[in-house]
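The values are calculated or read from the model by the stated rules, or taken from the named source; none is laboratory data. Being a predicted model, the structure only gives us computed values, none of them experimental. Cβ placement follows ideal geometry from the backbone for every residue including glycine, while neighbour counts extend to all protein chains displayed. Calculation scope for accessible area: heavy atoms of the full protein, side chains included, ligands and nucleic acids excluded. Shrake-Rupley method; radii C 1.70, N 1.55, O 1.52, S 1.80 Å.
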Amino acid sequence: MVALWAVASVLRPGYDQLAQKGSELGTGQNSIVMNVNFLVTAILIVIFALGLFRGIRGGIWPRIGLGLLLLSGLTEAMTGFFPCDPGCPATLGSFSQNAHLGIGLTFFGSIAFSPLLIGLGMSEGFWKPYRSYSILSGISGVCLCTGFSVAVLVSSPYIGLIERLFLAVPFLWIELMAIHMLRVPLDTKG
């Protein structure tokens, strides 16, 4: 996600990482790079969620968290098919813009809450050392998602920075969990 996002922003003259949302790269000049990025990231999130589903027990909350993680992957894929209007306003516009807003709200909310809920199920075995980190990542993600939402509503001049700070938390969590998951024996649960 980060690598293709950086490439897409370099290919867009005048794009400001601090002031502009990532979705703005999904429309206009060289938008194919960001739209492919959305799709590749979505596929990786879905694969990760399905793999994690095999390794996490712990009741209803982790299952809901895994469902939200899967939902975030599916909505990330849809983002590229419904680009926002120029400037990605937080208001209704074209059909594609309206779909993008709904998809974006679903993606941001689901990816923010999933580490928290999944972390609640990491109470024993192989995953126990990652429980506190996952819960803290979830709480941080929810707080940063709230901050990003406020930044969108007030048209913050640093909306791009806030979006990147928010997304760094769940994406780092996914990366660290995926690395840990590479070490899990196929028959280990918990």
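Residues whose amide H lies under 5 Å from that of Asp85, counting only those 5 or more places away or on a different chain, are Gln97; hydrogens are built 1.01 Å from N in the peptide plane. Share of carbon and sulfur in the accessible area of the chain stands at 74%, probe radius 1.4 Å. To the nearest ten degrees, helix 95-119 and the longest principal axis of the Cα atoms of the chain are 30 degrees apart. Within 11 Å, Cβ to Cβ, of Leu161, how many net charges do the neighbouring residues add up to if Lys/Arg are +1 and Asp/Glu are -1? So the environment of Leu161 carries a net charge of 0. Taking all Cα pairs closer than 8 Å and separated by 6 or more residues, the relative contact order of region 13-87 comes to 46 percent.
Multiplying the residue separation of Val7 and Phe53 by 0.36 nm and removing their Cα-Cα distance gives an extension gain of 13.4 nm.
Measuring between their Cα centroids, region 125-153 and region 47-90 lie 15 Å from each other. Normalised radius of gyration (Cα atoms, divided by 2.2 N^0.38 Å) for region 1-70: 1.45. Once C-alpha pairs closer than 8 Å and six or more residues apart are averaged by separation and normalised to the residue number of the chain, the relative contact order reads 24 percent. Estimated purely from DSSP H runs of n ≥ 4, each contributing -39500 (n - 2.57), the mean residue ellipticity at 222 nm for the chain is -23000 deg cm²/dmol once divided by its residues. Taking the Cα centre of the chain as origin and assigning +1 to Lys and Arg Cβ atoms and -1 to Asp and Glu Cβ atoms, the resulting dipole is close to 540 debye. For region 129-187, relative contact order (Cα pairs under 8 Å, six or more residues apart, normalised by length) works out to 36 percent. Here the gap between Trp61 and Ile32, fully extended at 0.36 nm per residue and compared with their Cα-Cα distance, gives a gain of 6.8 nm. Taking label positions 7 Å along the Cα-Cβ direction at both Asp16 and Arg183, the computed distance is 4.4 nm, reported to one decimal. By the Cβ rule of 4.7 Å, the chain holds the following cysteines without a possible disulfide partner: Cys143, Cys145. For Leu92 and Cys143, the FRET efficiency from 1/(1 + (r/R0)^6), where r spans their Cβ atoms and R0 equals 30 Å, is about 0.65. Computed with a 1.4 Å probe on the full set of protein chains, the accessible area for Ile45 sits at about 10 Å².
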